Amino acid sequence: MQGSPSRSAQPRNPLHGMTLEAIVRALEAHYGWSELGVRIPVRCFTHEPSIASSLRFLRKTPWAREKVESLYLLMLRDARRTERPRRPLGTIAPTTIISRRITMQISQESLDQLFLKARTANGFTDQPVDAALLRKVYDIARMGPTSMNTQPTRYVFLTTPAARARLVPALSPGNVDKTRAAPVTVIVATDTRFHEHMPQVWHRPGAKENFESNPALATATANRNSTLGEAYFIIAARALGLDCGPMSGVDLAKVNAGFFPDGRWQANFLINLGYSDDSKLFDRNQRPSFEQACQVL
Ligand SMILES: Cc1cc2nc3c(=O)[nH]c(=O)nc-3n(C[C@H](O)[C@H](O)[C@H](O)COP(=O)(O)O)c2cc1C
């Protein structure tokens, strides 16, 4: 394997000319010690942190120094993304390709919140969900990948008891009480005419016409990507501290008749959103093991 060229030979490397001290000071100014300790859980950031003790540790711990440098690059990248003026759709700035590599694993705490300790809510507390939070969840979820950036998922947020009461006749009996208790129920739907938006969301011309002339492709694309979008929505909601109770125990024909009479949007399933009443959780069920579910070829 080739050795990496020295930093002195890389004047365009953002680390060029940066001392470790300058990097640590910049990170501390940007994130603060406590956030730094979450992102890179090393003792010098989590216990009585100081610049001097951090430098002592990092100078003799190459793996930790590497993580610190990676986080510094990530910080610069995020700053660039915030400042960067909008480019025409579909053009790629070559300088951002390199910096897009995300090198940091998210913290254990975040993994717990998204997956490992997250549970499907089966009942909800009275705590309301701020309307602004719904917009935030969507703004995160929409960034998940879909084929040709088709993004066919659509959402109807039912935020009042009256709006949710319209759903009740369609629900399986076991889903009624928790839907009444949830501060928000989302009807997640598929836009069967998603391709009308292709000129906005896809950089190559002809995509709209391509789907229009091939209904089987359009339907398969809509179904696959709509469900993906719904999964992103659940993860985004969890990332913002919400609990989700997805439900397919619902008569979709009734939901469609009640909410989407023109037939363009088609309900896929529902998600109750709010803050879990953990006293109502089911026991956690097993997941298939790696050996049962995966092949490595
Ligand atoms: C698409 C989908 C549909 C579901 N439908 C229902 C439902 O109709 N009623 C219900 O009580 N739970 C429903 N669930 C909840 C699942 O049973 C639950 O997410 C799963 O058992 C994992 O639970 P855990 O996250 O607490 O481990 C549904 C989940 C998903 C993702």
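How many residues, within region 220-248, are more than 13 Å from the ligand (Cβ to nearest atom) and of a type in the set (Val, Ile, Thr)?
Count: 1.
Pairs, please: C-beta under 6 Å, at least 6 apart or cross-chain, first residue within 14 Å of Ile140 (Cα to Cα) and in region 220-234, second of a type in the set (Gly, Ala, Ser)?
Tyr232/Ala141; Tyr232/Gly144; Phe233/Ala141
Any residue at all in region 142-161 that is under 15 Å from the mean Cα position of the chain (by Cα), of a type in the set (Ser, Thr, Tyr) and at pLDDT 95 or above?
Taking every residue of region 142-161 in turn, at least one turns out to be under 15 Å from the mean Cα position of the chain (by Cα), of a type in the set (Ser, Thr, Tyr) and at pLDDT 95 or above.
Starting from residues that are of a type in the set (Ser, Thr, Tyr) and either outside any loop (DSSP other than H, G, I, E, B) or at pLDDT 90 or above (or both), keep the ones in region 70-106 and report whichever is nearest to the ligand (Cβ to nearest atom).
Applying the filter and picking the extreme gives Ser70.
Any chance you could count how many residues in region 162-179 are more than 12 Å from the ligand (Cβ to nearest atom) and over 29 Å from the mean Cα position of the chain (by Cα)?
Filtering region 162-179 down to residues more than 12 Å from the ligand (Cβ to nearest atom) leaves 162-169.
Narrowing further to those that are over 29 Å from the mean Cα position of the chain (by Cα): 162, 165-166, 168-169.
Residues in region 162-179 being more than 12 Å from the ligand (Cβ to nearest atom) and over 29 Å from the mean Cα position of the chain (by Cα): 5 in total.
Cβ-Cβ below 6 Å, separation at least six or inter-chain, first residue in region 46-64 and free of Cβ contacts under 8 Å to residues at least 60 places away in the same chain, second surrounded by 14 or more Cβ atoms within 10 Å (Cβ to Cβ) and of a type in the set (Lys, Arg): which pairs?
These pairs meet every condition: Leu58/Arg65.
Assuming Lys117 fulfils every condition listed in (1) within 16 Å of the ligand (Cβ to nearest atom); (2) touching a residue at least 40 places away in the same chain (Cβ under 8 Å) apart from one, which condition is it?
Of (1) within 16 Å of the ligand (Cβ to nearest atom); (2) touching a residue at least 40 places away in the same chain (Cβ under 8 Å), only one is false for Lys117: (2).
Taking the condition of being out of contact with any His (no Cβ under 8 Å at 6 or more places or on another chain) and closer than 19 Å to Arg264 by Cβ, how many residues in region 203-212 meet it?
Within region 203-212, residues that are out of contact with any His (no Cβ under 8 Å at 6 or more places or on another chain) and closer than 19 Å to Arg264 by Cβ number 1.
How do the pairs read when you match residues in region 136-152 that are assigned by TED's automatic domain parsing to the domain that holds Phe194 with residues anywhere that are among the charged types (D, E, K, R), using Cβ under 6 Å and keeping only pairs 6 or more apart or on different chains?
The qualifying pairs are Pro152/Asp191.
If you take the residues of region 180-191 that are touching a Leu at 6+ places or on another chain (Cβ under 9 Å) and either farther than 13 Å from Lys280 by Cβ or free of Cβ contacts under 8 Å to residues at least 24 places away in the same chain (or both), which of them is nearest to the ligand (Cβ to nearest atom)?
For region 180-191, the residue satisfying everything is Val188.
When region 148-178 is examined, which residues are found to be of a type in the set (Gly, Ala, Ser) and either farther than 30 Å from His197 by Cα or in contact with an Asp or Glu (Cβ under 6 Å, 6 or more places away or on another chain) (or both)?
If the condition is that a residue be of a type in the set (Gly, Ala, Ser) and either farther than 30 Å from His197 by Cα or in contact with an Asp or Glu (Cβ under 6 Å, 6 or more places away or on another chain) (or both), then Ala162, Ala165, Ala170, Ser172, Gly174 are the ones that fit.
May I ask you to verify whether Gly229 is touching a Gly at 6+ places or on another chain (Cβ under 7 Å) and surrounded by 20 or more Cβ atoms within 10 Å (Cβ to Cβ)? Break it down stepwise before answering.
Details: touching a Gly at 6+ places or on another chain (Cβ under 7 Å): yes; surrounded by 20 or more Cβ atoms within 10 Å (Cβ to Cβ): yes.
For Gly229, the condition - touching a Gly at 6+ places or on another chain (Cβ under 7 Å) and surrounded by 20 or more Cβ atoms within 10 Å (Cβ to Cβ) - is met.
The values are calculated or read from the model by the stated rules, or taken from the named source; none is laboratory data. All values derive from a computational prediction rather than experimental measurement. Counting neighbours? That spans all protein chains shown, and the Cβs are built from the backbone with ideal geometry, glycine included.
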